[in-house]
Amino acid sequence: MKRPTFQGAVWKTIPCNGGQCPQIAYQDGYVGVRNSEDGDDGPLVVFSADEWDGFVVGISGFTSDKLES
């Protein structure tokens with residue numbers, strides 16, 4: 001199945017501080033993620049439903065202290 005372009009998708013903004021909030025859209029079994037400041041002209045990361053599920057499980061419970069060595 002070809003990945004969608006997300007043209008005309010309904011984007012949901014996740015609240016954050018600093019203005020560069022992630023936006024998520026669902027289309028044809030895929031999830032698109034982009035930066036709210038970039039809008040339609042910015043880069044887009046596309047996940048299949050299975051990839052998205054794995055990503056969400058992977059970040060569940062993640063905290064910034066886990067970035068430190």
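Bear in mind these aren't lab numbers, they're just calculated from the coordinates by the rules spelled out. Remember, predicted model here, so these are calculated numbers, not experimental data. FYI the Cβ positions are ideal-geometry reconstructions off the backbone, even for glycines, and counts take in every protein chain you see.
Per-structure values
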quantity: Among the candidates 61, 29, 19, 39, residue that is over 13 Å from the mean Cα position of the chain (by Cα), at positive phi and free of Cβ contacts under 8 Å to residues at least 12 places away in the same chain; calculated: 61
quantity: Residues that are over 16 Å from residue 3 (Cβ atoms) and surrounded by 10 or more Cβ atoms within 10 Å (Cβ to Cβ), drawn from region 48-62; calculated: 53, 54, 56
